[in-house]
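Reading through the structure tokens given below for one structure.
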Amino acid sequence: MSMSTLKTPVMNNIAKRCYASKAAALSIKGPQVQTKQLPNNSLVVAVPDYPTKIGRVSVTFLAGSRYEDPENAGIAHLVRSSAGLSTESSSTFSIIRNLGHLGTNYYVTSDRETITYTIEAHKDNLVSSLKYYIESISNQTFKPWELSDNLKRVQYDLLTISPELRVLDLAHKAAYRNALGNTVFLPKYNIKKLGSEHLLYYVKKNFNNQNTIISSVGVDVDTLVHISEDLNLPNGDANRAPKAKYFGGDVRKSKALDSTYLAVVGEGVSYKDSQSASYAVLQYLLGKGSSVKWGVGQGVLEQNILKANSSDNFAVSAINYNYSDSGLFGFLLAYNGKDVSSVLKAAVNSLRSPTVTETEVNRAKKQLIHSLVSASESSAGVLENITHQAVTTGQVIPFEKLIATIEAVTVEDVKKAAGKVAGSKLSLAGYGNVATTPYLDNL
């Protein structure tokens, strides 16, 4: 029986827009990316012609947690948290007041490989904002009394870390032990141990031209060249962390929580690996949760868990980490019940022997392409994408080539990727109510 609502003008207009979007997607073109290796060895990446009134600039250093030593564990987290404190020529109040007056957003992020300083401002105010932005990067002083006052913010950061992030951090520890296995969070035992001298030494060692990527959206390359000159960073040695080695293991941390958070991962691939597109498609084939709020996911993982007839609430999503020299592939599971065994075993079976059909692969490829196109609609998403590519590969793949690479992935490619994950030694991390969580040898 036909539905009369489909004949209304509103639904007809929506249908026309959908058809138009589908036609446009076949000839979609991404933003033009410009790259330049400067004489000081810094890498500059820009998307100057993106249609936006907001200019976004990021200065990224290869100084993430993988470059930490056991003695200074968590120092990258502390450097990030100390951003915006007094410099050699400006006080914290001056930096915050002037950037706020110009309507500028300034924030710092860090991960296992990088620390990134990002500024966002209207293009008319961006140049005026750069003075304080550059100072807060290259002229940090880490005054002891300011670090002491900043401890409460650090402690608040640690208290607000979600269980999902905690268990993913433990999964890296189980998989790599060190380097990429280093925690991205400041351990409690180092909160008061790491001081001004430690931070100054870490910044001096890692914040140099060899370890710098300057990226932007809505800002041209010439402006980034001037930023590099004004940063006046030293010409130090490029960071050469030992190549990440996958070991595999089992790490769990019991906490007084009602839910169980589990991450099961195997060895994946680096971002520049020729199979990285196949792993990305496999991730969407397994499922990244529901695309509709409160809906049921279409991925193989969730469907197989539902067949296990679990009566308790759960959420599951495939995960795929791609670093410069390694990667992790698996799933993240949250379960709100007394015994997680049956659900975990169903998820592990799906990871080891997923249903890879042409229909599922086509669905996964469409979802992946849609995700990339959606991210490109935001200048913040474009900036994050080009920065990540520059960090992990030293170059930026044109958007059209990226889409073409995904479209070229075949069923056999996905099966090959799935086979490698299945043959890999798995790692398991647990956080929360882990009393009934089986060990790997029981899975």
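The values are calculated or read from the model by the stated rules, or taken from the named source; none is laboratory data. If you're wondering where the values come from, they're calculated on a predicted model, not measured in any experiment. Reconstructed Cβ throughout: ideal geometry from the backbone, glycine too, with neighbour counts over all protein chains shown. Accessible surface areas use protein heavy atoms only, side chains included; no ligands, DNA or RNA. Shrake-Rupley method; radii C 1.70, N 1.55, O 1.52, S 1.80 Å.
Scanning the stretch 214-267 for residues that are open to solvent by 40 Å² or more (accessible area, probe 1.4 Å), in a loop (DSSP other than H, G, I, E, B) and closer than 25 Å to residue 180 by Cβ yields 237, 240, 242, 243, 245, 247, 255. Looking across 58, 27, 2, 21, one residue alone is at pLDDT below 50 and not in a helix (DSSP H, G or I). It is 2. On the stretch given as the stretch 124-164, residues that are open to solvent by less than 70 Å² (accessible area, probe 1.4 Å) and either outside any helix (DSSP H, G or I) or among the hydrophobic types (A, V, I, L, M, F, W, C) (or both) total 15. The combined condition, being in contact (Cβ under 8 Å) with a residue 40 or more places away in the chain, touching a Gly at 6+ places or on another chain (Cβ under 8 Å) and either under 30 Å from residue 211 (Cβ atoms) or of a type in the set (Ser, Thr, Tyr) (or both), is fulfilled by residue 427. Just name the residue that is nearest to residue 181 (Cα to Cα) out of those in the stretch 384-443 that are assigned to a loop (DSSP other than H, G, I, E, B), open to solvent by 60 Å² or more (accessible area, probe 1.4 Å) and of a type in the set (S, T, N, Q). Out of the qualifying residues, it is 395. Within the stretch 30-55, being at pLDDT 90 or above and among the polar types (S, T, N, Q) holds for 34, 35, 37, 40, 41, 42, 52. Taking each residue of the stretch 217-238 that is on the phi > 0 side of the Ramachandran plot and looking for partners that are of a type in the set (Val, Ile, Thr) with beta-carbon atoms closer than 8 Å, six or more apart or interchain, yields 218/47; 218/52; 218/54. Exactly one residue out of 66, 80, 97 is in a helix (DSSP H, G or I) and farther than 30 Å from residue 321 by Cα: that is 97. Among residues of the stretch 404-421 that are touching a residue at least 60 places away in the same chain (Cβ under 8 Å) and within 23 Å of residue 30 (Cα to Cα), those with a beta-carbon under 9 Å from a residue that is open to solvent by 40 Å² or more (accessible area, probe 1.4 Å) and of a type in the set (A, V, I, L, M, F, W, C) at least six positions away or on a different chain give the pairs 405/397; 406/372. Filtered by the rule that a residue be under 25 Å from residue 207 (Cα atoms), in contact with a Leu (Cβ under 9 Å, 6 or more places away or on another chain) and in a strand (DSSP E or B), the stretch 38-54 gives 44, 45, 46, 47. Within the stretch 303-330, being assigned to a strand (DSSP E or B), open to solvent by less than 40 Å² (accessible area, probe 1.4 Å) and under 17 Å from residue 246 (Cβ atoms) holds for 319, 320, 322, 327, 328, 329, 330.
Every residue, every condition in (1) closer than 23 Å to residue 391 by Cα; (2) in contact with an Asp or Glu (Cβ under 7 Å, 6 or more places away or on another chain); (3) among the acidic types (Asp, Glu), yes or no:
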{"position": "136", "(1), (2), (3)": "yes, no, no"}
{"position": "161", "(1), (2), (3)": "no, no, no"}
{"position": "165", "(1), (2), (3)": "yes, no, no"}
{"position": "183", "(1), (2), (3)": "yes, yes, no"}
{"position": "201", "(1), (2), (3)": "yes, no, no"}
{"position": "212", "(1), (2), (3)": "yes, no, no"}
{"position": "215", "(1), (2), (3)": "yes, no, no"}
{"position": "225", "(1), (2), (3)": "yes, no, no"}
{"position": "229", "(1), (2), (3)": "yes, no, yes"}
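Out of 112, 166, 177, 153, report the one residue that is over 30 Å from residue 427 (Cα atoms), among the charged types (D, E, K, R) and in contact (Cβ under 8 Å) with a residue 60 or more places away in the chain. Only one candidate qualifies: 153. Residues in the stretch 111-123 that are open to solvent by less than 40 Å² (accessible area, probe 1.4 Å) and in a strand (DSSP E or B) were compared, and the one that is farthest from residue 185 (Cα to Cα) is 121.
Reported count of residues in the stretch 331-367, each being within 23 Å of residue 441 (Cα to Cα), in contact with a Phe, Trp or Tyr (Cβ under 9 Å, 6 or more places away or on another chain), part of a helix (DSSP H, G or I) and touching a residue at least 60 places away in the same chain (Cβ under 8 Å), is 5.
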